[in-house]
Amino acid sequence: MSETWIIIGGWLAAGLTIFLFSFLYKDNPFFKIAEHLYLGAGMGWLFQVSVTNVWIPKIWEPVSKGELLVIIPSIMGLSLLTQFIPKISWISRYGFTFMMGYGSGLAIPAGLSTDFMSQIEGTIKPFSLLASMSPFAIFNSALIAFGAICVLFYFFFSVEHKGHLKKVSNVGIYFLMIYFGAAFGNTVMARFSLLYGRFDDLYTFSGAKYLYATQFILTGMVIYFLVYALFAGRSKNAIKA
Amino acid sequence: MPNNTFRFIPFLFASVLAASPVFAAKSTLPPITGFTAGDMPYDSGSIALLAWDADAGGDTAAAVSPGTLYRVFVSSLETGGWIKAAEFPAGEKMSKNIELPFWAWKVQGNTHALKVELNNYFSGFKDGTVFYFKIAKVKGAAAIESEVVSSVTVSNWFRLDRLNNLILLIILIIVFFWAVFHARRKGLFIRRIAGLDAIDEAIGRATEMGKPIFYVPGIGSMSSISTIASAFILGEVSKKVAQYDSQIKVPHYDPIVMTVCKEVVKQSYMEAGRPDSYREDINQFVSADQFSYAASVDGMISREKPAACFYMGYFMAESLLLAEVGATSGAIQIAGTDVEHQLPFFFTACDYTLIGEELYAAGAYLSKEPMLLSALKVQDFGKLVVMVSVFFSMILVALGARFGWEGFVRGILHLFRNY
Amino acid sequence: MLKEQLQKFSRIDRRWIFLLLAITLLVPIIKPIGLPNKTIAEATSRVYGNIEKLPAGSFVLFSLDYDPSTRPELHPMATALVRHAFSRNLRVGVVTYIAGSTGLIEELFARVSKEYNKSDGKDYVILPYMPNILAVMTQMSSDLYGIYTKDRNGIDVRGMPVMKGVKNYKDMSLIVCVTGTAILDYWVAFVGDKYSVPVAGGVTAISQPGYGPYLQTNQLKGLIGGMKGAAEYESLIKQPGKGTSGIDALNLAHLLVLALILTSNIILLIIKYL
Amino acid sequence: MKLIKKQIPLAIVFITGVFTLVSYYVPNKTSIDYIETMNKWQNIVVAFAFLLGLVSLFFSHYHKIARKADGWGYSIFVFVGFLTIVISAYVSGGRQMTDAGLTPLGWSFKYIYNALSGTMFAVLAFYIVSTAYRSFRIKSLQAFVLFVAAFILILGKVPLGQIIWDLALGWTGAGVDQVIEWIMQVPAVAGKRGIMIGISIGAIVTSLKIIFGIEKQYMGKD
């Protein structure tokens, strides 16, 4: 890859990034172009990966070597596409039911062991080490067990929640709220990290190596919005979020 | 120096002419007794199980005979062809270290037990192939060998160690069919769900204000429970909307969900006795792309300023975008989803939020649909099992740990462990 | 009068808030504040410890399942993990179940393998993308060559030195899954629990709280969470990278969120009770 | 007709479902062979499933262009994006990196796909701040508890927040990282475990319904 391609890449990446961000100010044609490119490129990426990693090595090569058994799943796979032709869309059921059956069959025992039995074991196991635990650790283990029971009871629908039972389920809500709060806090961090990533790239593209791509494109966008506001916006008093 | 050479020779011979017990007998080490080879139970037939007596007190790790090593050899021939399969210090790999629950494995005190995975050394052997095993005990330069024993491995038919999982599954299936059967015939009790009253209030307000109601079913497909529940809640909501002669809009992400919802809404309008007010454009397809969907629905909400917004079903990142716009447009918002990490956004921005299973329960409560009711009952049963077993085994385990009933505590833990 | 102004202020055009965020995040990128991450979560050091204790030459399987949309959080993490594995001279196998991650994996190994002088096929192998995770996971429990015959460039994997003696999970010392999806749950449920292989993970901050139960039961042998986790791991292996500089840039933005929540709620209180 | 339209598909779901389920409890070689074959087949079927999305995307944008619907010009860019990636993949033979450096495929990943897909989600950060200001309402004790937990986490995750905590609450002797650790490992685990168990049983029940043919909405209408 020559220097030129790297610079073109930088301009392209900076441009697409800024186009997508420009939606925050206002919907505009540049955003729409970038958005549609995203849809196409995402599908294109998936397509090329499927071709090079699955279709060629797992279907084409075996069949050309004479292993014909892979034709059965290929036909089931192709049957899915009949979805688009309403008259024969029932054929797609052969592919779907095969996937659903396999998935369900795997999910049941795994769900029982991982999310059910292991969770019970995990809740009670700390108590087997009671002798060697600090009082605070014992308190924590008891709190987890107590909290989990309360939350489960909150989601218990077969009895009316009245009197003391109501109190138990109320305590459960507070455990849920702490969990949600933690989730909220972490989500904030996660989204900011993504934004940091994009800004960091834009900052990279603003360097002399990329011929100041970010600055130029950003200025271009600002000019576009100014011109647009002057000509089209005046009549409608448009900019309101 | 000569002393060293002298000690070296038997060792050398022992490892080269491995099968000859003559040299081994001269060593000072206690002989290996009780050496047996057999089939490892509950496997596909590629593992052999060896067992032999440990030196007295050998199970307390390196307490007795420190520095003693075992070497395990396997071969497919009666003589020669030995491959080393394992080497470990005495005191390790005891019978009690085999990870199997008490109902599937009887721990033999002071016995070594070793699983040898034949697959690693011989590929593609058939059931019934005989394998030969021997072990050498080594301490410093002294070495001793066991006699050669043989065994065949068998491909077993049942994982007895997973019995606990199976029993739980069978119980669940029984309860499941009981619930399906009963729900169809009699209906089952479900407690009142707070927040469902808010639905009535929201619809009433929309009617007074003469503004539409938005019902957003999320981005799930028809195979997710939350979407199924959402479709049933939509049925009840649209029935009330039809009765009050208010307006409802349902923007869609998934074409299949849309066809189902069309039927549901149509049916509700019929049941409410207002088939004339039903319009095809109540359900409209927006986009099958997550962000375009969110952006379009956002646009619709901010333009039409609905009196109430319902977000019920499967939501990902768009929860944030939708709930914020709804909140700032001043609508009453009721949300419900089982996607936990989106719940905080709904909870802070909406007036009422159905959390996780409450969404399923709301669908069942409103529709009395046997399918949902029975599922909810089985879920309740499962939760009851967890609550009861956590509560009692917690007490028992704590008591056991307090009074040192080791086997008892381990037994309880085995009940819930997966293998 | 004040009330009205406050009301107006609380309904401020959200684009002002967008601008505020853009500034608070962009300024520290251009001019770093220079506050390094100090604390290290226990779950992160558990991952570190689990890799640290492996003898040289052990085979570690990395399942790198993230695409560019979660790259800023997960790429630094994966980089730090691979660096750690290489510095301990472990053998590294890479699988992926997200189509978008193949490019990032290439980029990562092209860069890091040079730092440690490691070569493709001898010290590490990158296996091709596979679409159906469950099927592949189940297959790898008996014979991974049943599904992975070639690496991503079409070279036969059986003959590679890196794969010597590796046939199924029993031959792997650790599985580390770095992902922003539920794929780590799959590793725990369908592999870790079922075939008792140690599984550790690296996830986005969003999904991090959800793994608490698995950590507590030790179904997960450690977890790195979000950019903070990446920064922590970088400081554990003493190689500061994008995680460390990222956490520095996030300082002000985090405080901005808190300030905004507090301001708006205080304004509401005043409006209500004044 | 009902047989091939409905009953055989339901039989397929039942048979594959039960066999796969049972294989968990049966260690025999037959069961392993069965599951290995299923794995391979499943892999192939799923590789076709994504064509569903591809075809429907193409259909809808092709129709827009053909009918010259509003904004049809943008739809062309869907095909432009698709072809850019596919052609560069063809040119590079599916490889992203050679000894000579990036291939055209690697280049389009780095500068097109990476930029677009990363930015789509990064936009959410802006909405989070605006949500924080405009719709995060501490309207009840429950919401307050949520807020406190969120507050501690947001604060404690960055060094500056840790400094502020130490200044304000350093006297308590508990560092903010310890408090976060405790929140994540004790009450949050209890909350998550409660939700998780319920939802997981829900998934098991749904799977049972699918296997036994009670739930068949995913098949669509006749």
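The numbers here are math on the coordinates, done by the rules we state, and not lab data. Note that this is a predicted model, so its numbers are computed, not measured. Here Cβ is always computed from backbone atoms with ideal geometry, including for glycine, and neighbour counts include all displayed protein chains.
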Open item on the list: Let me check against my output: what whole-number percent is the relative contact order of region B:75-189, with C-alpha pairs under 8 Å and at least 6 apart?
Closed with: 21 percent
TODO: Mind jotting down a quarter of the surface of the convex hull over the alpha carbons of chain D, in square nanometres, one decimal?
DONE: 23.8 nm²
Open item on the list: Straight-line reach from B:LYS305: which aspartates and glutamates fall under 20 Å, measuring Cα to Cα and dropping same-chain residues less than 8 apart?
Closed with: A:ASP27, B:ASP200, B:GLU201, B:GLU208, B:ASP245, B:ASP281, B:GLU318, B:GLU324, B:ASP351, C:ASP13
- [ ] Just rank B:HIS341, B:HIS414, fewest to most, by other beta-carbon atoms within 10 angstrom.
- [x] B:HIS414, B:HIS341
Task: Anisotropy class of region C:169-245 from Cα gyration tensor, a/c 1.5 cut - done: prolate
TODO: Give the shape of region D:1-56 as rounded, prolate or oblate, defined through the alpha-carbon gyration tensor: a ≥ b ≥ c are the square roots of its eigenvalues, a/c under 1.5 means rounded, and otherwise the shape is prolate if a/b is larger than b/c and oblate if not.
DONE: oblate
Open item on the list: If you average the C-alpha positions of region C:222-260 and of region A:1-67 separately, how far apart do those two centres end up, in angstrom?
Closed with: 29 Å
Task: Cα centroid separation - region A:161-220 against region B:279-315, whole Å - done: 24 Å
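Could you give the semi-axes, largest first, of the ellipsoid that matches region A:48-94, computed as the square roots of 5 times the alpha carbon gyration tensor eigenvalues and rounded to whole Å? Present the calculation step by step, with values, prior to reporting the outcome.
Values: eigenvalues 118, 35, 7 Å².
Here the semi-axes work out to 24, 13, 6 Å.
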Task: Out-of-range pairs (alpha-carbon distance over 23 Å; input A:LYS32/B:LYS211; C:LYS8/D:LYS139; A:LYS125/B:LYS96; A:LYS162/B:LYS377; A:LYS58/C:LYS122; A:LYS32/C:LYS31) - done: A:LYS32/B:LYS211; A:LYS58/C:LYS122; A:LYS32/C:LYS31
Task: Residue of C:GLU73, C:GLU52, C:GLU115 that the Gaussian network model of chain C assigns the largest fluctuation, springs spanning Cα pairs under 10 Å - done: C:GLU115
Open item on the list: Rg and Dmax in Å for chain A, alpha carbons only: what are they?
Closed with: 28.7, 79
TODO: Do me a favour and compute the ellipsoid semi-axes for chain B from its Cα gyration tensor, root of five times each eigenvalue, largest one first, whole Å.
DONE: 71, 22, 20
Open item on the list: Taking only complete DSSP H runs, can you tell me which helices of chain C stretch 18 Å or more along their own long axis by Cα positions and average at least 0.0 on the Kyte-Doolittle scale?
Closed with: C:14-30, C:242-273
Task: Where trypsin sites (Lys or Arg not before Pro) fall in DSSP loop in region C:27-102, at most 16 other Cβ within 10 Å - done: C:LYS38, C:LYS53
- [ ] Taking DSSP loops as anything outside H, G, I, E and B, show the longest stretch in chain D free of trypsin sites (Lys or Arg not before Pro) there with at most 14 other beta carbons within 10 Å.
- [x] D:140-220
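What is the magnitude of the charge dipole of the protein assembly as shown about its Cα centre, with +1 placed on the Cβ of each Lys and Arg, -1 on the Cβ of each Asp and Glu, and no other charges, expressed in debye to the nearest 20?
Details: 100 positive and 79 negative charges, 222 e Å.
Here the protein assembly as shown has a charge dipole of around 1060 debye.
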Task: Helix B:357-367 axis, angle to chain B major axis (alpha carbon atoms, nearest 10°) - done: 50 degrees
Task: Relative contact order (percent, whole number), region C:153-234, Cα cutoff 8 Å, 6+ residue spacing - done: 24 percent
Task: Anisotropy class of region B:175-293 from Cα gyration tensor, a/c 1.5 cut - done: oblate
Task: Rounded Å value of the spacing that divides the Cα centres of region B:28-47 and region B:145-181 - done: 22 Å
Task: Under 16 Å from the Cα of B:LYS239 - lysines, other chains or at least 8 residues apart - done: B:LYS249, B:LYS262, B:LYS266, B:LYS368
- [ ] Report, for chain B, the % of DSSP beta bridges that are antiparallel, rounded to 5.
- [x] 65 percent
Task: Dimensions (Å) - the protein assembly as shown, Cα atoms, principal axes, largest first - done: 108, 76, 75
- [ ] Normalise the Debye intensity by I(0) for region C:126-274, one equal point scatterer per Cα, no solvent, then take log10 at q = 0.14 Å⁻¹ and round to two decimals.
- [x] -0.84
TODO: Take chain A, connect every pair of alpha-carbon atoms lying under 10 Å apart with a spring to form a Gaussian network, then pick out the residue of A:PHE84, A:PHE21, A:PHE116 with the largest mean-square fluctuation.
DONE: A:PHE84
Open item on the list: Out of the trypsin sites (Lys or Arg not before Pro) in region A:1-103, which ones are loop residues according to DSSP with at most 10 other C-beta atoms within 10 Å?
Closed with: A:LYS65
Open item on the list: Considering all projection directions equally, how large on average is the shadow of the alpha-carbon convex hull of region B:238-362, in square nanometres?
Closed with: 7.3 nm²
Open item on the list: Within 10 Å of each candidate Cβ there may be at most 15 other Cβ atoms; applying that plus a DSSP loop requirement, which trypsin sites (Lys or Arg not before Pro) in region B:241-326 survive?
Closed with: B:ARG279
TODO: Could you work out the relative contact order of region C:88-212, using alpha carbon pairs under 8 angstrom and six or more residues apart, expressed as a whole percent?
DONE: 21 percent
Task: Dimensions in Å of region D:63-181 - Rg and Dmax from alpha carbons - done: 24.4, 71
Task: Candidates A:ALA148, A:ALA208, A:ALA131, ranked by Gaussian network fluctuation over chain A, Cα under 10 Å, top entry - done: A:ALA131
Task: Spatially proximal aspartates and glutamates relative to C:LYS242 (Cα-Cα < 12 Å; intrachain offsets below 8 disregarded) - done: A:ASP200, A:ASP201, C:GLU73, C:GLU232, C:GLU234
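Could you please rank C:ILE155, B:ILE301, placing first whichever residue has the fewest other Cβ atoms within 10 Å of its Cβ?
Ranked by crowding around the Cβ, least crowded first: C:ILE155, B:ILE301.
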- [ ] Compute the long axis of helix B:290-304 from its Cα atoms, compare it with the longest principal axis of the Cα atoms of chain B, and write down the angle in degrees, 0 to 90, nearest 10.
- [x] 20 degrees
- [ ] Over the Cα atoms of region C:42-239, compute the convex hull volume and normalise it per residue, giving Å³.
- [x] 102 Å³
Task: Degrees separating the helix A:135-154 axis from the principal Cα axis of chain A, which is the longest one - done: 80 degrees
Open item on the list: Tell me which of C:GLY159, C:LEU215, C:SER264 sits at the most positive position along the dipole axis of region C:152-274, charges placed on C-beta atoms (Lys, Arg +1; Asp, Glu -1).
Closed with: C:GLY159
